[in-house]
Amino acid sequence: MSDGTAKGPAAEAARLIGEATLGQRQATAEALDTPKRTPARVLDMMRHALTRAEDIIHQVLDLVPPPQPIACGANCPWCCHVRLTASPPEVLLVLDHIEKKFDDQQKAALKRKVANVDAFTRARDGDARAKMRLPCPLLKDGSCSVHHVRPLSCRAVVSVDVAACRRSYESRMQEPVPQHEMQLNAANGVGYGLHAGLVDAGFGVEDVEMNAALAIGLDEPDIAKRWLAGEPVFEPATLVIPEPQE
């Protein structure tokens, strides 16, 4: 006699994702608790969040493998030409990585690239960005220069067909790309927990556009302190002006 409880690999994967979501919500809220919140604490929380995401992705892929091997890898930048959003803690971790790992020449070059792209993309919606096909400024020789700390959105989207990715790029993101839903759900589950914890701690839930947020942060060395103090420092990176309909 069945107890009505769903069983099987997919159900177990869903259970694990749910646990990861709740765990990340609690971890985020604790890191941003008013008496304790510091830039270092937020960055540490975000590093653990990315580790949590990678762990849960590997667990669910073991339970529900993709129909074909995941084709993503180095020198495969086809998906890195779209509008990318991330939470402020994710942006702060990328900025911290740039500050610590890039030399002065690399920082100056990246700042110029970010500013150049920002001049064309600020406030543009996803459809406009797809048509423009401008590469993410964090790409270097076809690979992500901040891969270790890339946002959850980047970790969520994977493809099992490189040829489809190229066709999508060539069609200005109109052609579909076969993805693996379980990896999408796993990374997004940690992302949902991150956002819920931000709300629990009294912060907004709206994501910021990555390039605009980098442009802001690269010009402001105290961006983390100001954001923690409640200043709307990333608000310009939340603006979206829809493209007019033809």
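FYI, it's all coordinate maths here, none of it is from the lab. For clarity, every value in this text was computed on a predicted model and none was experimentally measured. Here Cβ is always computed from backbone atoms with ideal geometry, including for glycine, and neighbour counts include all displayed protein chains.
Here the chain is described by how far its Cα atoms reach on the three principal axes: 64, 50, 39 Å, from widest to narrowest. Ranking S171, M46, A115 by how far each Cα lies toward the positive end of the dipole of the chain (charges on Cβ) leaves A115 at the top.
Counting lysine pairs in region 9-238 whose alpha carbons fall under 14 angstrom apart, excluding pairs fewer than 8 residues apart on the same chain, gives 4. All other residues whose Cβ lies under 14 angstrom from that of D222 are scored, Lys and Arg at +1 and Asp and Glu at -1, for a net of -3. Between H148 and A40, the simple spin-label model (points 7 angstrom out along Cα→Cβ) gives 1.9 nm.
In this simple spin-label approximation, A115 and M132 carry label points 7 Å from Cα along the Cα→Cβ vector, and these lie 1.7 nm apart. Shape descriptor for region 125-231: Rg over Rh equals 1.00 (Cα atoms; Rh from the Kirkwood inverse mean 1/r).
Rg(Cα) of region 68-191 divided by 2.2 N^0.38 Å?
1.07
In plain terms, the chain from E175 to D200 could stretch by 5.1 nm, reckoned as 0.36 nm per residue minus the Cα-Cα distance.
Computed on region 9-238, with alpha-carbon pairs under 8 angstrom and 6+ residues apart, the relative contact order is 34 percent.
Overall shape of region 186-228 was characterised from the C-alpha gyration tensor. The equivalent ellipsoid obtained from it has semi-axes of 22, 14, 8 Å, in decreasing order. Across region 37-42, rounded Karplus estimates of 3J(HN,Hα) from the backbone phi angles (6.51 cos²θ - 1.76 cosθ + 1.60, θ = phi - 60°) give 5, 9, x, 4, 5, 5 Hz, Gly and Pro being marked x. For the residues G142, G217, G189, a GNM of the chain with alpha-carbon springs under 10 Å puts the largest fluctuation on G142. Mean-square fluctuations from a GNM of the chain, with a 10 angstrom spring cutoff on Cα atoms, peak among K131, K111, K36 at K36. Three principal axis extents of region 60-137 based on alpha-carbon atoms, in descending order, are 43, 33, 26 Å.
The 3J(HN,Hα) values that the Karplus relation (6.51, -1.76, 1.60; θ = phi - 60°) gives for region 174-187 are, in residue order, 8, 7, x, 10, x, 10, 10, 4, 5, 5, 4, 5, 5, 5 Hz. Gly and Pro appear as x.
The orientation-averaged shadow of the Cα convex hull for region 13-147, equal to a quarter of the hull surface, comes to 10.4 nm². Taken over the alpha carbons of region 134-195 as equal point scatterers, the Debye sum produces base-10 log I(q)/I(0) values at 0.17 Å⁻¹ of -0.73. Under a Gaussian network description of the chain, with springs only between Cα atoms under 10 Å, the residue in A86, A40, A27 that fluctuates furthest is A40.
At full extension, K100 and E30 could sit 22.6 nm farther apart than now, given 0.36 nm per residue minus the alpha carbon distance.
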